[in-house]
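Read through the structure below, which is laid out as structure tokens, and then see the notes.
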Amino acid sequence: MHFETKAIHVGAQPDEATSSVAPPIHLSTTFERAADSTPLHGFTYVREGNPTQSRLESALAAIESGRHALAFGSGIGAAAAVLQALQPGAHVLLPDDSYYAMRVMAHDFFPKWQLTYDLVAMEDLDAVRRALKPETKLLWAESPSNPLMKVCDLASLARLAHDRGALFAVDGTFASPALQRPIELGADLVMHSTTKYLGGHSDVAGGAVVFANDALAEKVEHVRHILGATASPFNSWLVLRGIRTLAARMRVHSDNAMRVAQFLASHPQVEATHYPGLPSHPGHEIARKQMSAFGGMLSFRLREGREAAIAVVSKTKLFISATSLGGTESLIEHRASSEGPATTTPENLLRLSVGLEHPDDLVADLEQALS
Ligand SMILES: *Cc1c(COP(=O)(O)O)cnc(C)c1O
């Protein structure tokens, strides 16, 4: 079955009790048991699992080509559960450009969990080879990366990790499973902030991990159950609803972002445009192989530096100055300011989440803001 069809039909069986076509939301925190105490429908308590979350998880596993999926209350909660499932003493390789809170998690919490880590340029396979240690248990990639839009070769990284006995994980948030499915390229697990494209409407927080392998899924599920980063039933329902339109939305996000990237790449005030869809992007050929389109995220740098970048943010009318991404509306962000004092993001960089508006209006908005 094709992606578009799975995204609409998996986990979408009409409700058994009422035949409603849209799925019900089960808000109950607890479930009745038989006289001998066995659960009547497999559910006992909301933190362990609930019917709305189960529907979402079956959809997530199907659209990522995985065997098992777990829904979480946030993307970072999903990532933390994977890290907390490792044994003490494990070494982890993280990308040098990644979602900011991943590096904060590593710095502030890995020592408490007795994990060590190094940051490496994941697009440089020789650098990754050199950075892998005998005790490396997890290679964590993010492609395209936040906010520099770096692309790494997921199939080659999977082979490198597996040759050294390490797991290979991918934060696939920017691409979404509509455009890139790392498990098909050899990854052991894929993590998503479902707050972004999977939810798709800037109105729900959530996370997901999809697994190629059941044993690992059981370990992470135990962390979720006992440490508590479960998704709420209502949030699970909203993410499931977002998945139904994901394929259609990602096509428009990608077309619009390409138009915006081409406009920016030819603008005299713009020093560099980071979008994997541009042939000038260093990861373009790899992106073409492992993604079916290039997505709605891009970043660009102003020749005249930080003040010029901040001035653009103050002048856009359609692009809203806000963090996050993946909603229907376009957003613009001075990323270094959002990340705070420890940022490694260039001060002249702006990040765009290109929404579903008409591309002519988006280009016109940027044109007037840059003039
Ligand atoms: C937003 C984001 C996260 C964190 O997800 P939350 O839902 O905010 O916890 C992780 N990785 C990437 C690439 C993100 O954009």
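The values are calculated or read from the model by the stated rules, or taken from the named source; none is laboratory data. Every value quoted in this text rests on a predicted model; they were computed, and no experiment measured them. FYI the Cβ positions are ideal-geometry reconstructions off the backbone, even for glycines, and counts take in every protein chain you see. When the accessible area is computed, the model is the full protein with side chains, heavy atoms only, and any ligands, DNA or RNA have been set aside. Shrake-Rupley method; radii C 1.70, N 1.55, O 1.52, S 1.80 Å.
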Exactly one of GLU16, GLU57 is modelled with pLDDT under 95 and among the acidic types (Asp, Glu), and that one is GLU16
Here the residues within the range 195-219 that are open to solvent by 30 Å² or more (accessible area, probe 1.4 Å), within 12 Å of the ligand (Cβ to nearest atom) and among the hydrophobic types (A, V, I, L, M, F, W, C) are ALA205
Residues in the range 220-236 that are closer than 15 Å to HIS68 by Cα and open to solvent by less than 10 Å² (accessible area, probe 1.4 Å) total 2
Scanning the range 346-371 residue by residue, those surrounded by 15 or more Cβ atoms within 10 Å (Cβ to Cβ) and not in a loop (DSSP other than H, G, I, E, B) turn out to be LEU349, LEU350, ARG351, LEU352, SER353, PRO359, LEU362, VAL363, ASP365, LEU366, ALA369, LEU370
Within the range 299-326, residues touching a His at 6+ places or on another chain (Cβ under 6 Å) and within 16 Å of the ligand (Cβ to nearest atom) come out as SER299
Sole miss for ALA336 among (1) surrounded by fewer than 18 Cβ atoms within 10 Å (Cβ to Cβ); (2) in a helix (DSSP H, G or I); (3) touching a helix residue (DSSP H, G or I) at 6+ places or on another chain (Cβ under 8 Å) is condition (1)
Considering the range 171-192, residues that are of a type in the set (A, V, I, L, M) and assigned to a loop (DSSP other than H, G, I, E, B), and then whichever is farthest from SER280 (Cα to Cα), we arrive at ALA187
For the range 25-82 the number of residues that are closer than 22 Å to PRO14 by Cα, within 16 Å of the ligand (Cβ to nearest atom) and among the hydroxyl-bearing types (Ser, Thr, Tyr) is 0
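Residues are listed down the side, and each one gets a yes or a no for (1) within 16 Å of the ligand (Cβ to nearest atom); (2) over 22 Å from the mean Cα position of the chain (by Cα):
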site: ASP124; (1), (2): no, no
site: PRO134; (1), (2): no, yes
site: PRO144; (1), (2): yes, no
site: LEU148; (1), (2): yes, no
site: VAL151; (1), (2): yes, no
site: ALA161; (1), (2): no, no
site: THR173; (1), (2): yes, no
site: GLU184; (1), (2): no, no
Condition set open to solvent by 10 Å² or more (accessible area, probe 1.4 Å) and in contact (Cβ under 8 Å) with a residue 40 or more places away in the chain, scope the range 83-95, selection nearest to the ligand (Cβ to nearest atom): answer is GLN84
Matching residues in the range 299-333 (out of contact with any Leu (no Cβ under 6 Å at 6 or more places or on another chain), in a loop (DSSP other than H, G, I, E, B) and either free of Cβ contacts under 8 Å to residues at least 12 places away in the same chain or not polar (S, T, N, Q) (or both)) number 9
Note: among ARG67, ARG33, just one is closer than 19 Å to HIS225 by Cβ, open to solvent by 30 Å² or more (accessible area, probe 1.4 Å) and either of a type in the set (Asp, Glu) or in contact (Cβ under 8 Å) with a residue 40 or more places away in the chain (or both), namely ARG67
Legend entry - Filter pass, LEU56 being farther than 16 Å from ASP171 by Cα and in contact with a strand residue (DSSP E or B) (Cβ under 9 Å, 6 or more places away or on another chain): yes
Residue set ALA261, ALA247; condition aliphatic (A, V, I, L, M), in a helix (DSSP H, G or I) and in contact with a helix residue (DSSP H, G or I) (Cβ under 9 Å, 6 or more places away or on another chain); output residue ALA247
Subset of the range 136-170, residues assigned to a loop (DSSP other than H, G, I, E, B) and either basic (Lys, Arg) or loosely packed, with under 15 Cβ neighbours inside 10 Å (or both), comes to LYS150, ARG164, GLY165
Considering the range 220-237, residues that are aliphatic (A, V, I, L, M) and within 13 Å of the ligand (Cβ to nearest atom), and then whichever is farthest from ALA59 (Cα to Cα), we arrive at ALA229
Take THR343 and decide whether it is in a loop (DSSP other than H, G, I, E, B) and either closer than 20 Å to PRO276 by Cβ or more than 19 Å from the chain's Cα centre (by Cα) (or both).
yes
